[in-house]
Amino acid sequence: MPRGKLIVISGASGVGKGTVLNRMMRKRPDLTFSVSATTRPPRPGERDGVSYDFITKERFEQMIAQGQFLEYDAHADNYYGTPRAQAEEKLARGSVLLDIEPKGAMQVRRSMPDAVLIFIMPPSMQELERRLRNRGDTSEDQIRMRMERAVWEMEQRSWYDYTVVNDDADRCADEILTILADLTENE
Ligand code: 5GP
């Protein structure tokens with residue numbers, strides 16, 4: 001099996017990246033997901049080692065010092081990062097999906113110029129806010145912070161390779177899979 005592609009997916013919190021990624025993996029079981037490490041507490045329904053590796057701040061900082069992250073960032077009072085060894089191991093077996101925010105995506109772009117960077121937009125800001133509120137586990141303060149951050153994140157999309165709109169998770173997943181199939185065909 002040839003070494004796969006690193007596929008970076010970014011988009012504001014609440015844009016529905018998780019659902020889109022799950023649809024993509026259902027349609028293309030050869031794609032794997034890079035499980036990030038984070039210091040934020042799990043949300044209801046999130047499983048350790050599946051959604052994220054939930055680790056302590058001390059452990060995260062130790063991993064930073066040891067150069068164990070392909071990229072990492074601190075935002076919303078927490079660390080998030082892609083463990084290098086896990087990503088490399090998965091890449092040796094096929095293409096790997098990374099759900100990371102733009103600062104991390106920029107680090108990936110620098111260290112792995114072959115990576116494909118895709119930005120997911122919400123259909124509108126109103127819809128993004130509605131989706132954040134519907135999560136139910138996010139306080140008013142967090143919603144305001146996440147909306148402010150969303151504006152900044154969306155401004156970053158100009159240096160991504162592709163922008164897609166998540167108006168419908170299935171359609172959006174298909175659009176990304178078509179982009180990836182076209183890239184493979186043109187190699
Ligand atoms: P959430 O707390 O809602 O799961 O994620 C917040 C943000 O962190 C999302 O934009 C997500 O893409 C980003 N994120 C998740 N894992 C990583 C990671 O490993 N590295 C970076 N840089 N961002 C991440």
Which of V96, V116, V50 fluctuates most in a GNM of the chain (C-alpha springs under 10 Å)? That residue is V50
Extension length gain for E61 and M125 (0.36 nm per residue less Cα distance), in nm, is 19.6 nm
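Report the number of Lys pairs in the chain whose alpha-carbons are under 19 Å apart, with separation of 8 or more residues or on distinct chains. Intermediate results must be reported in sequence, preceding the final value.
On the way: K5/K17; K5/K27; K5/K90; K17/K27; K17/K103; K27/K90.
For the chain, the number of qualifying lysine pairs is 6.
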Expressed in nanometres to one decimal, the distance between label points 7 Å along Cα→Cβ at E187 and T163 is 2.8
The summed charge of the S95 Cβ neighbourhood (under 10 Å; Lys/Arg +1, Asp/Glu -1) stands at +4
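Please work out the Cα convex hull volume for the chain and give it in Å³ per residue. Mind dumping the intermediate values first?
Values: hull volume 22.0 nm³, N = 187.
It comes to 118 Å³ per residue, whole-number rounded.
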Under the 7 Å Cα-to-Cβ spin-label approximation, R135 and M147 lie apart by a distance in nanometres of 1.5
Relative contact order as a percentage, the chain, C-alpha pairs under 8 Å and 6+ apart, gives 33
The local net charge around F54, scoring Lys/Arg +1 and Asp/Glu -1 for residues other than F54 whose Cβ lies under 9 Å from its Cβ, equals -2
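FYI, it's all coordinate maths here, none of it is from the lab. Note that the structure is a prediction, hence the values are computed from the model and not measured. A quick note on method: Cβ atoms are made from the backbone with ideal geometry, for glycine too, and the neighbour counts reach across all protein chains shown.
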